[in-house]
Amino acid sequence: MPLVFLDVDGVLLPFGAAAPVTATDSPVARIDPRQGPRLARLPAELVWATTWMEEANDTLAPVLGLPRLPVLDPPDPTAEDGYFGLHWKTRAIVDRAAGRAFAWVDDEITAADREWVRDRHAAPALLLRVDAHRGLTAEDLDALEAWLGAATGPSF
């Protein structure tokens, strides 16, 4: 079964959504809870790939109606390979995927990340860059579902 690595800020918490009214309002109010059931139905194992780490399970998963999800570990700081502009999650995602197909949904994916994954991960991989201002859209979820459908179909 493929993996889906989910970022939070800019993906599930869009930056362009209405800002909290007061300092005591939570940014979690920007989450669309309708996305949770759609994410839960994906034919994939969901993994948090976010600086929220375990806080994503404590704060966000209940709002989305998701169970506790595994959390991507931070990268090994000694694993540098000289790639300029590589996102901190890229190596950790490829390591965690361990040869399995995966999709990575994030607002900070770059050409360096795409090249690094292409050169080091033989299984299918979708790096789905989300517009941070809008966050995860129905169209993004459609694209993710279509890719997963192809990745888990009879030919996979």
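The values are calculated or read from the model by the stated rules, or taken from the named source; none is laboratory data. Note that this is a predicted model, so its numbers are computed, not measured. Here Cβ is always computed from backbone atoms with ideal geometry, including for glycine, and neighbour counts include all displayed protein chains.
Okay, here's what the table says:
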| item | result |
| --- | --- |
| Which numbered condition A98 misses (of (1) of a type in the set (G, A, S); (2) more than 13 Å from the chain's Cα centre (by Cα); (3) within 13 Å of A49 (Cα to Cα)) | (3) |
| Members of segment 135-151 that are surrounded by fewer than 16 Cβ atoms within 10 Å (Cβ to Cβ) and at pLDDT below 95 | G149, A150 |
| Complete set of residues in segment 1-29 that are modelled with pLDDT under 90 and closer than 17 Å to P62 by Cα | S26, P27, V28, A29 |
| Any chance I109 is crowded, with 19+ Cβ neighbours inside 10 Å, assigned to a loop (DSSP other than H, G, I, E, B) and at pLDDT 90 or above | yes |
| Any hit, segment 50-58, residues being outside any loop (DSSP other than H, G, I, E, B) and modelled with pLDDT under 95 | no |
| Sole residue being surrounded by 20 or more Cβ atoms within 10 Å (Cβ to Cβ) and farther than 19 Å from M1 by Cα, chosen from L72, L39, L60, L86 | L60 |
| Qualifying residue in segment 30-47 (condition: at pLDDT below 90 and either touching a Ser or Thr at 6+ places or on another chain (Cβ under 7 Å) or within 29 Å of A146 (Cα to Cα) (or both)) | yes |
| Extreme residue, surrounded by the most Cβ atoms within 10 Å (Cβ to Cβ), among residues of segment 113-134 that are touching a helix residue (DSSP H, G or I) at 6+ places or on another chain (Cβ under 8 Å) and assigned to a helix (DSSP H, G or I) | D113 |
| Residue that is farther than 22 Å from I31 by Cβ and touching a residue at least 60 places away in the same chain (Cβ under 8 Å), where the choices are R96, R120 | R96 |
| Subset tally (residues that are within 13 Å of the chain's Cα centre (by Cα) and either closer than 14 Å to P75 by Cβ or free of Cβ contacts under 8 Å to residues at least 60 places away in the same chain (or both)) for segment 105-117 | 1 |
| Residues that are touching a residue at least 60 places away in the same chain (Cβ under 8 Å) and not in a helix (DSSP H, G or I), drawn from segment 33-48 | L42, P43, A44 |
